[in-house]
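Data first, discussion second: the structure below is written as structure tokens.
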Amino acid sequence: MDKDTTHPYLSLFAALSYGIASMAMVFINKAVVMEYAYSMTLLTLQQLATALLIHFGRIMGFTRAKPLNVDTAKKLILVSLFYNGNVAFALASLKGVNIPMYIAIKRLTPLAVLIAGLFYKKGKHSKQVIFSVSLTAAGVMIAALGDFSFDLFGYIMALISVFFQTMYLVLVERSGAEEGLSSIEIMFYNSLLSLPFLVFLIIVTSEFPNSISLLYAKSASLYFLVMFVLSLMMGIILNYTMFLCTIVNSALTTTIVGVLKGVGSTTLGFFLLGGVQVHFLNVTGLVINTLGGLWYSVAKYQEKLRKTWISVKTINIKMVRGLFNKLASKSLNVAGKWQQQQLRRLNIHEYQGAELMGKFGINVPKGVAVSSVEEVRKAIRTTFPNEKELVVKSQILAGGRGLGKFTSGLQGGVHIVKTEQAEEIAGKMLGQTLVTKQTGPQGKVVSKVYLCEKVSLVNEMYFAITLDRTTAGPVIIACREGGTSIEDLAEKFPDMIIKVPIDVFKGITDEDAAKVVDGLAPKVADRNASIEQVKKLYNLFRESDCTQLEINPIAETSDNTLVAADAKLNFDDNAAYRQKDIFALRDPTQEDPREVAAAKADLNYIGLDGEIGCMVNGAGLAMATMDIIKLHGGTPANFLDVGGNASEGQVVEAFKILTSDDKVKAILVNIFGGIMKCDVIASGIVNAAKHVALKVPVVVRLEGTNVDQGKRILKESGMALITAEDLDDAAEKAVKALKSA
């Protein structure tokens with residue numbers, strides 16, 4: 001598995017596998033170092049085996065891990081240093097510290113993570129968390145008093161290991177150095193980068209060459225050979241599970257796993273590999289330490305639940321409904337390909353966005369929108385009298401215009417031309433259909449073009465702000481390369497893309513803005529001025545209720561200024577009541593007319609590519625309906641949810657929308673009456689038949705509130721309807737009616 005996601009089952013698998021591998025590794029390493037004292041050499045061989053396995057696995061095609069990248073390696077050097085320092089000192093401590101005490105000391109990691117969090121202002125933790133880690137630390141001290149095999153060197157090594165593990169976990173979480181890398185790629189970089197450091201250690205500690213000769217001598221023992229090979233194998237497995245757990249879970253979650261696996265290790269440690277001398281103090285201390293660890297795990301779980309509840313509670317209810325609708329919409333992919341995404345984000349033209357950005361103090365090129373050749377001539381005279389070159393941009397609500405093609409044959413929707421040629425090029429664009437990657441083959445008609453001054457750009461970058469489900473807030477995405485689609489950028493320059501989440505309660509800070517500017521890596525623009533531009537862009541995003549703000553490219557000009565050379569803005573439809581000026585900019589001519597009509601009737605509609613029109617109440621039932629249509633060999637033509645409180649008028653409008661689609665060859669009405677009453681739906685169907693000439697077969701399945709009245713209304717109407725008893729029957733009859741139509 002190369003690509004890691006944050007699916008809940010993956011998180012659980014990562015945590016459990018790391019816990020089991022870590023527990024097994026403690027005993028295997030202890031068994032090896034009891035026979036073979038050269039712990040640094042052991043770690044070096046483990047990392048060498050890991051690097052070689054991944055390298056040859058990639059060459060032979062067993063893994064899709066990317067080859068070595070120097071920039072990525074530079075970012076991971078410090079991370080690798082801390083991780084290997086943790087393992088190296090842990091192995092050294094096992095020479096003298098028994099396993100229960102080793103586990104107890106390593107259980108101090110959550111305390112160290114919390115203390116480290118105070119220095120980078122991660123936030124306050126609950127009293128339960130603080131008390132539990134304090135109890136864990138007290139248990140260590142009590143157990144140490146009863147440890148008759150006390151080894152000062154071993155204790156120091158274990159404590160240093162705690163420090164290195166803490167720094168590793170915090171650094172990964174804070175720096176995001178491992179973002180965009182799979183667990184296998186992180187393993188490869190970590191193993192490869194660690195080798196020079198480890199070789200240096202085994203030389204300065206005089207382990208080499210004695211460690212090699214002893215290894216050769218010990219290999220005659222079958223027991224040692226088996227344990228040594230197991231150690232190498234478990235080193236690979238532990239590395240993988242550790243990195244997987246770290247990148248799909250937080251630093252504190254990873255340490256919680258360590259606490260829980262420690263319970264099992266502590267118990268087994270009293271009996272395995274020579275056992276531990278039992279004494280009241282060490283048993284009492286270890287019990288207190290273990291209880292503190294368990295309490296800590298419970299406290300962290302409760303803390304996370306509480307934060308999640310607070311976060312959910314603060315989100316606007318309408319926003320939640322919109323997110324649910326968006327999620328429902330994405331799920332529809334199983335039922336057919338999209339024509340358009342569901343309407344929930346107002347999309348405005350580039351020229352409108354530039355004007356809006358200018359009001360917020362954001363640098364944009366001078367420009368003017370025109371809708372006729374006469375207006376082009378006027379704009380050149382009044383706005384660009386001294387310009388030798390102009391940029392002519394077609395205005396449609398879709399990306400990829402520069403690489404698009406007009407159905408008339410003109411290549412490209414964005415042209416840089418001599419001023420005297422602007423009129424000709426604009427004339428070839430206006431009224432014509434432009435097809436891009438995002439419009440679909442049908443394209444979009446260009447009703448306006450945007451004339452802009454040609455700015456001398458010396459460096460192009462990518463900037464965007466969108467909403468992130470993971471952090472429940474805005475996230476700024478930046479890349480030092482720009483001017484092309486983000487999909488291409490992600491493929492060509494994955495290591496250059498950075499993400500900076502913004503706390504919705506604090507707003508953007510100077511530190512946040514500085515991280516973004518560092519990610520953009522401007523070459524000539526003033527750093528402080530660039531930071532201010534980033535803050536202004538975030539203020540626009542927040543104050544205008546944007547769901548997306550994308551600037552591609554955000555560029556540096558020859559006069560050392562950062563400008564938004566091209567922008568795309570989307571706004572939350574749920575904010576229409578307080579963003580009236582912005583929503584007055586809506587261009588319905590660029591939207592699917594069926595979706596525009598549905599929005600006016602307060603219906604949720606999405607056009608698809610099939611032949612069976614669906615009218616259902618409830619998003620879940622709508623998706624189930626489309627799935628079962630697909631199961632029976634049909635294809636849904638749309639997603640249409642009339643909701644739980646539709647009127648007869650809305651049902652009539654729904655039928656008008658369905659029948660306006662020439663591809664619809666049959667209609668399936670599937671209603672489960674709860675709040676939505678079946679008799680209302682039935683009356684709406686009958687009234688729709690009076691207003692709309694129904695030329696296609698209609699299959700109706702009604703169930704729930706007032707179902708008998710609904711069926712009676714349909715029967716008495718005299719309409720030629722096909723009735724169904726259940727969903728499966730309805731879908732089967734709809735597909736059959738389609739084929740016989």
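The values are calculated or read from the model by the stated rules, or taken from the named source; none is laboratory data. Since we're looking at a predicted model, the values are computed, not measured. Methodologically, a virtual Cβ is constructed for each residue, glycine included, from the backbone with ideal geometry; neighbour enumeration extends over all protein chains shown. Side chains included, ligands, DNA and RNA excluded: accessible areas come from the protein's heavy atoms. Shrake-Rupley method; radii C 1.70, N 1.55, O 1.52, S 1.80 Å.
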Check whether at least one residue in the range 143-164 is at pLDDT below 80, surrounded by fewer than 16 Cβ atoms within 10 Å (Cβ to Cβ) and either in contact with a Pro (Cβ under 8 Å, 6 or more places away or on another chain) or not in a loop (DSSP other than H, G, I, E, B) (or both), and report yes or no. yes
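In this structure, does Met626 turn out to be in contact with a helix residue (DSSP H, G or I) (Cβ under 9 Å, 6 or more places away or on another chain), among the hydrophobic types (A, V, I, L, M, F, W, C) and closer than 28 Å to Glu716 by Cα? Outline the logic, then answer.
Working: in contact with a helix residue (DSSP H, G or I) (Cβ under 9 Å, 6 or more places away or on another chain): yes; among the hydrophobic types (A, V, I, L, M, F, W, C): yes; closer than 28 Å to Glu716 by Cα: no.
So Met626 does not fit the description; no.
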Is it the case, given these coordinates, that Ser447 is within 22 Å of Leu569 (Cα to Cα) and at pLDDT below 95? yes
Among the numbered criteria (1) touching a Pro at 6+ places or on another chain (Cβ under 6 Å); (2) of a type in the set (Gly, Ala, Ser); (3) modelled with pLDDT under 85, which one does Ser647 miss? (1)
As an exercise: evaluate Leu714 against (1) in contact with a strand residue (DSSP E or B) (Cβ under 7 Å, 6 or more places away or on another chain); (2) surrounded by fewer than 17 Cβ atoms within 10 Å (Cβ to Cβ) and give the number of the one condition it does not meet. (2)
Output the number of residues of the range 610-627 satisfying the condition of being assigned to a helix (DSSP H, G or I) and open to solvent by less than 30 Å² (accessible area, probe 1.4 Å). 4
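Kindly indicate whether Ile212 is crowded, with 18+ Cβ neighbours inside 10 Å, at pLDDT 80 or above and under 22 Å from Ala31 (Cα atoms).
Working: crowded, with 18+ Cβ neighbours inside 10 Å: no; at pLDDT 80 or above: yes; under 22 Å from Ala31 (Cα atoms): yes.
No, not satisfied.
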Can you name the residue in the range 499-508 that is open to solvent by 50 Å² or more (accessible area, probe 1.4 Å) and not charged (D, E, K, R) and is also farthest from Ile465 (Cα to Cα) among such residues? Phe505
Which listed residue, of Gly634, Gly607, is outside any loop (DSSP other than H, G, I, E, B) and open to solvent by less than 30 Å² (accessible area, probe 1.4 Å): Gly607
When the range 697-739 is examined, which residues are found to be part of a helix (DSSP H, G or I) and touching a residue at least 40 places away in the same chain (Cβ under 8 Å)? Leu727, Asp728, Ala730, Ala731, Glu732, Ala734, Val735, Ala737, Leu738
Looking at the range 648-662, I want the residues that are closer than 14 Å to Asn604 by Cβ and have a partner that is of a type in the set (D, E, K, R) and open to solvent by 10 Å² or more (accessible area, probe 1.4 Å) with Cβ atoms under 6 Å, at least 6 apart or on another chain. Which pairs are those? Ile657/Arg594
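Across the range 453-498, what is the number of residues that are in a helix (DSSP H, G or I) and among the small types (Gly, Ala, Ser)?
Filtering the range 453-498 down to residues in a helix (DSSP H, G or I) leaves 486-492, 494-496.
Checking which are among the small types (Gly, Ala, Ser) leaves us with 490.
Result for the range 453-498: 1.
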In this structure, does Asn539 turn out to be assigned to a loop (DSSP other than H, G, I, E, B), under 16 Å from Ile362 (Cα atoms) and not β-branched (Val, Ile, Thr)? no
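Could you tell me which residue of the range 393-405 is most open to solvent (accessible area, probe 1.4 Å), considering only residues that are in contact (Cβ under 8 Å) with a residue 40 or more places away in the chain and not basic (Lys, Arg)?
Gly400
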Condition first: touching a Phe, Trp or Tyr at 6+ places or on another chain (Cβ under 9 Å) and buried (at least 19 other Cβ atoms within 10 Å of the Cβ). Now tell me which residues in the range 679-697 satisfy that. Gly684, Ile685, Ala688
Anything in the range 386-441 that is of a type outside the set (Gly, Ala, Ser) and in a helix (DSSP H, G or I)? List them, or say none. Thr419, Glu420, Gln421, Glu423, Glu424, Ile425, Lys428, Met429
Taking only the range 581-604 into account, find how many residues are out of contact with any helix residue (DSSP H, G or I) (no Cβ under 9 Å at 6 or more places or on another chain), buried (at least 16 other Cβ atoms within 10 Å of the Cβ) and free of Cβ contacts under 8 Å to residues at least 60 places away in the same chain. 0
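A quick yes/no check of all residues on (1) modelled with pLDDT of 85 or more; (2) in contact with a Cys (Cβ under 7 Å, 6 or more places away or on another chain); (3) among the small types (Gly, Ala, Ser):
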position	(1), (2), (3)
Ser683	yes, no, yes
Ala693	no, no, yes
Arg701	yes, no, no
Leu727	yes, no, no
Taking Tyr9, is it hydroxyl-bearing (Ser, Thr, Tyr), at pLDDT below 75, outside any loop (DSSP other than H, G, I, E, B) and open to solvent by less than 30 Å² (accessible area, probe 1.4 Å)? no
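Output the residues belonging to the range 571-604 that are in a helix (DSSP H, G or I) and aromatic (Phe, Trp, Tyr).
Passing the criteria: only Phe583.
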Matching residues, the range 374-392, being closer than 25 Å to Gln590 by Cα and loosely packed, with under 14 Cβ neighbours inside 10 Å: Glu374
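Of the residues that make up the range 458-475, is at least one open to solvent by less than 50 Å² (accessible area, probe 1.4 Å) and polar (S, T, N, Q)?
Taking the range 458-475 first, the residues open to solvent by less than 50 Å² (accessible area, probe 1.4 Å) are 459, 461-466, 468, 472-475.
Okay, now just the ones that are also polar (S, T, N, Q), so 459, 466.
Checking the range 458-475: at least one residue is open to solvent by less than 50 Å² (accessible area, probe 1.4 Å) and polar (S, T, N, Q).
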Counting just the residues of the range 510-530 that are within 29 Å of the chain's Cα centre (by Cα) and not in a helix (DSSP H, G or I), which one comes out surrounded by the fewest Cβ atoms within 10 Å (Cβ to Cβ)? Ala521
Looking at the structure I just gave you, is Asp661 of a type in the set (Asp, Glu), farther than 22 Å from Glu595 by Cβ and open to solvent by 10 Å² or more (accessible area, probe 1.4 Å)? no
